[in-house]
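A.B. asks: Quick one: the structure is below, questions incoming.
Derivation of every value follows stated rules applied to the coordinates shown; laboratory data play no part. Since the model is a prediction, treat every value here as computed from it, not as a measurement. Using ideal geometry, Cβ is built from the backbone for each residue, glycine included, and neighbour counts are taken over all protein chains shown.
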Amino acid sequence: MINDTIKKFGYPATLVKDYDHWVVLLRPAQVTLGSLIVAAKSDAEDFGALSPEHFTELKMVTADVSSALGSLISHEKLNWLMLMMVDPHVHFHLIPRYDGTREWMGQEFDDKAWPGPPALGDAFKLSDDQISGMATWLKSSFPN
C-alpha cells in the first residue's frame, strides 16, 4: 500500500528497498550522506496503529539499513526521527551521523551539527540525476 507520504518522498524514483510492510527511500534532501526515509505501507497515522507484522518486519529493516549504511557511509550513529508533523503517515527520517565529511560522486556532505541534533534545515537537495545515482548506489549494499 503506497500512501501519499511515500509518494511525497519521490516514490518510485527514490526506492532503495521494498519490504512487505515497509519501504526504504532515499531522502531527496540529504541532511548527511545516505539520509533515508523508512515508511510504513499503511494508512496509519499513529505508530501504535500499525499491525504486529509491521513491528516484526521493522527489526529486519533496521538491521538491513544499519548494515548497508555502515558499509557505505561508515556512520558513527543513526538518528531515527519520527516527526510526522507535515506528512501524516507513519515514517522515519533516518539520518546517518558522523564527525567530518563524506564524499559521493565529487560532492561533499558534512554533518554540520555533529555531535548535536541533526540540522534538518541545511539539507542538500539532490537533482533528479543525483537521486537516480544515489538510490542505485544505496541499493547495492542492501540484501536481495
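A.B. asks: Taking the beta-carbon count within 10 Å as an exposure proxy, list 2, 131, 73 from fewest neighbours to most.
C.D. replies: Details: 2 13, 131 18, 73 21.
Fewest-to-most Cβ neighbours within 10 Å comes out as 2, 131, 73.
A.B. asks: Going 7 Å from the Cα of residue 62 toward and past its Cβ, which residues in region 102-144 have a backbone nitrogen under 11 Å from where you end up?
C.D. replies: In region 102-144, the label zone of residue 62 (backbone N under 11 Å from the point 7 Å along Cα→Cβ) covers no residue.
A.B. asks: Multiply the residue gap between residue 139 and residue 53 by 0.36 nm, knock off their C-alpha separation, and tell me the result in nm, one decimal place.
C.D. replies: Values: separation 86, 0.36 × 86 = 30.96 nm, distance 2.35 nm.
So the extension gain works out to 28.6 nm.
A.B. asks: Also, quick follow-up: For region 110-144 and region 21-39, compute the distance between their C-alpha centroids and round to whole Å.
C.D. replies: 7 Å
A.B. asks: Just want the answer: with Cβ charges of +1 for Lys and Arg and -1 for Asp and Glu, which residue in 118, 95, 140 is farthest toward the dipole's positive end in the chain?
C.D. replies: 140
A.B. asks: For residue 124 and residue 7, FRET efficiency with R0 = 30 Å and r from the beta-carbon atoms, rounded to 0.05?
C.D. replies: Working: r = 22 Å, r/R0 = 0.73.
Result of the calculation: an efficiency of 0.85.
A.B. asks: Can you sort 5, 62, 32, 56 from fewest to most other Cβ atoms within 10 Å of each residue's own Cβ?
C.D. replies: Working: 5 22, 62 16, 32 26, 56 11.
Final ranking by Cβ density, sparse to dense: 56, 62, 5, 32.
A.B. asks: Report the charge-dipole magnitude of the chain in Debye, nearest 20, computed about the Cα centre from +1 at each Lys and Arg Cβ and -1 at each Asp and Glu Cβ. Walk me through the numbers before you get to the answer.
C.D. replies: Numbers: 12 positive and 19 negative charges, 27 e Å.
Dipole about the Cα centre, nearest 20: 120 debye.
A.B. asks: For the chain, build the charge dipole from Cβ charges (+1 Lys, Arg; -1 Asp, Glu) around the Cα centre, then report which of 85, 50, 105 sits farthest towards its positive end.
C.D. replies: Toward the positive end, the furthest listed residue is 105.
A.B. asks: While we're here: Roughly how tilted is helix 128-139, in degrees to the nearest 10 and between 0 and 90, from the longest Cα axis of the chain?
C.D. replies: 80 degrees
A.B. asks: How large is ³J(HN,Hα), in whole Hz, for each residue of region 85-95 in order, when computed from phi with the Karplus curve 6.51 cos²θ - 1.76 cosθ + 1.60 and θ = phi - 60°, using x for Gly and Pro?
C.D. replies: Each residue of region 85-95 in turn: 8, 9, 9, x, 6, 4, 7, 10, 9, 9, 10 Hz.
A.B. asks: Students often forget the sequence filter, so: which lysines lie under 25 Å Cα-Cα from residue 139 once same-chain residues fewer than 8 apart are removed?
C.D. replies: The qualifying lysines are 7, 8, 17, 41, 59, 77, 125.
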